[in-house]
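Each reported figure results from applying straightforward, stated rules to the coordinates on display, with no laboratory input. In this text, all values refer to a predicted model and were calculated from it rather than measured experimentally. FYI the Cβ positions are ideal-geometry reconstructions off the backbone, even for glycines, and counts take in every protein chain you see.
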Amino acid sequence: MTKYFSKQALSFQIVAFVALLLFLSVVLNSCTDKCETVVKYTYFEPVYASMTDVRNSFATEAPRDLEVPGKIYIYGDYLLVGDAGKGIHIYDNRNVKSPQPLAFVNIPGNFDMAVKENILYADSYVDLVAIDIGDINNIKLVDRIEDAFPLFNTVRGFAASDGMVITDWVEKEAVDINEDCSGGFGGVVFFAGGVAVAEAASFDAMRNNSGNNSSPQGIAGSMARFAIYEQNLYAVDFSTMHVFDVATAENPIKASTVDLPWGIETIFPYEDFLFIGAQNGMHIYDNQNPAEPTFRSTFQHATTCDPVIVDGELAYITLRSGNECQGFTNQLDVIDISNIDNPTLVSTYPMQNPHGLGKDGDLLFITEGDFGLKVFDANDPNAISSNLVFEQNDIHGFDVIPFNNVLILIGEDGLHQFNYIDPTNITLCSTIPIVGAQ
C-alpha cells in the first residue's frame, strides 16, 4: 500500500522542515562566511485528465495481453483479472489447464471489482460503474455513480479541480544548488506542482485492491478493497468505507459512508462482521445493520501492509515490509476472534515477505512476493511454520484464491493455476503470462 499524507500531516511536515532549515542556516552561517550545497532529488508531478474523457473511454474490446498485474476474482466459470489502472480481462476458466480469453473491459482508473447477479462493479478513478456481463458477447455499462470516491482526487495532498482527475505521477529529477547553507537535506520536499523525494519511491495508484468474499456471488483475493455481503457492496479507501445498496443489482445506490481509522488497505466480510486490514491493525465492524456498520474492536500491530482473512474463530494476517508499507516486519499473525470485542494473538511466525493469503480447509496459502508461494497445514494454529507442505520460489506471488482444489495466483510474472487436490503433490495447471515478464 502506498504511503499517503493528509493535509494536516503535510502542513506539519512543511512547518517542521522550514524550521529545521532556518536553524541550520543560523548555525552554519555563524561558523563560516560562505558554503555551497548541492542536492539531487527525484520528484513526482501529478498528471491530470478530464473525467468527461475518462467516462467516454469505457468500452468492451477483444481480448488483449495482460500487462500490469492487478486483482483477481472468480465468478462462476469466469476468471476476472485486473490490469491495474486499465480494466478487466475476462476468461472462460472451465478448463483450468487452458483458460480462454473472452473479452477485455476497458475501464480507465480501475483497480477493484466485485460481481453480483451478473453485474460487475468496478471503480473508475472517482466513479463506481455497474457493468452487465450476463451476455459475454454483449457486455454493457448499465449505471455509473459519479464522484463516488472523492478521496482518490486528493491523494498525497494534491487536489484536482472540478471535472478533472489525477491519473498518474510522472517521475522527474532536479538539482538544487544553494550558496547560503540552506540545502543538504534528505526526505520529502513539498512545492507547488509535485512531491520531491530524496530516495526512489513507489507511487502506486491509491486503489490497489481484492479479500475473500463470503458472498455466493463471487470470490476475491485477500487484497480486495471491494466486497459484497448480501444486498450491499462495500468499498474502502484510505480512511472511509463507502456502502452501496445493490438489492437491485443493476442500479447501485450510495447508502452511506463510514469514517474509518487511517491506513485502510483491505476488507473481508465474514458472517455478520467486516474485517478491515489497516497499516496499523485489524479493525472489526459489526455488520448486523448492513447499511451502517459499527465499530467493535481492533487488534493492533506494527505499521506494515496487512491483508487479513478469517476462518471460523481465527483470523490470519500477513505483515510485510517495503517502502510503501513503512515497516520492517515480515510475519504471519494468527488471531483468536472468538471474543469479537477482544481479539488476542495466538501465534506469530516469521516470513520472508508475505503478501496475499487464502485458506481452504486446513491448507493455508501464502504468497511471498519475490520468494514465491508457500502452503502450510494450518490444522494446529500453534505449529503452522513446522507444517510446510509445499513451496515454489521461482515465481512471484502477490495474491491468491484457493477454491475447489484449484489455486489461482497472480504475480509480476503472470497468473498461475495449481491443482492442490493432493497437498503433497501440488502441480501447475496453466500460466497466463504478463507481457514483458522475465
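Some points to look at:
- Packing here is the average count of other Cβ atoms within 10 Å per residue, and on that basis the peptides 420-427, 141-148, highest first, run 141-148, 420-427.
- Once you reduce the range 402-438 and the range 45-116 to the center of their Cα atoms, the two points are 19 Å from each other.
- The fewest-to-most ranking of Tyr285, Tyr41 by surrounding Cβ atoms within 10 Å reads Tyr41, Tyr285.
- The distance between label points at Arg94 and Asp65 comes to 2.9 nm (points 7 Å beyond Cα on the Cα→Cβ vector).
- Amide H contacts of Ser430: Gln417, each under 5 Å away and 5 or more positions distant or on a separate chain (H built 1.01 Å from N in the peptide plane; Pro and chain starts excluded).
- Convex hull volume per residue in cubic angstrom - Cα atoms of the range 207-433: 117
- Distance (nanometres) between label positions extended 7 Å along Cα→Cβ at Ser338 and Glu250: 4.9
- Stretch gain in nm, segment Asn379-Lys140, where the contour uses 0.36 nm per residue and the Cα spacing is subtracted: 81.6 nm
- Relative packing of peptides 339-345, 301-307 - highest average C-beta neighbours within 10 Å first: 301-307, 339-345
- Distance between modelled label sites at Gln288 and Ser57, nm, 7 Å Cα→Cβ extension: 4.6
- For the range 342-420, the Kirkwood hydrodynamic radius from C-alpha pairs, put into Stokes-Einstein at 25 °C and a viscosity of 0.890 mPa s, yields a diffusion coefficient of 192 µm² per second.
- Placing R0 at 45 angstrom, the Cβ-Cβ distance between Tyr48 and Thr427 gives a FRET efficiency of 0.40 after rounding to 0.05.
- 3J(HN,Hα) from dihedral phi, the range 410-420, Karplus parametrisation 6.51/-1.76/1.60, rounded to Hz, x for glycine, proline: 10, x, 5, 9, x, 10, 10, 10, 10, 9, 10
- Compactness relative to 2.2 N^0.38 Å, alpha carbon Rg of the range 55-102: 1.16
- Residue-wise HN-Hα couplings along the range 351-366, as the Karplus relation 6.51 cos²θ - 1.76 cosθ + 1.60 with θ = phi - 60° gives them from phi, are 10, 8, 6, x, 10, x, 8, x, 9, 9, x, 8, 8, 10, 9, 10 Hz; Gly and Pro carry x.
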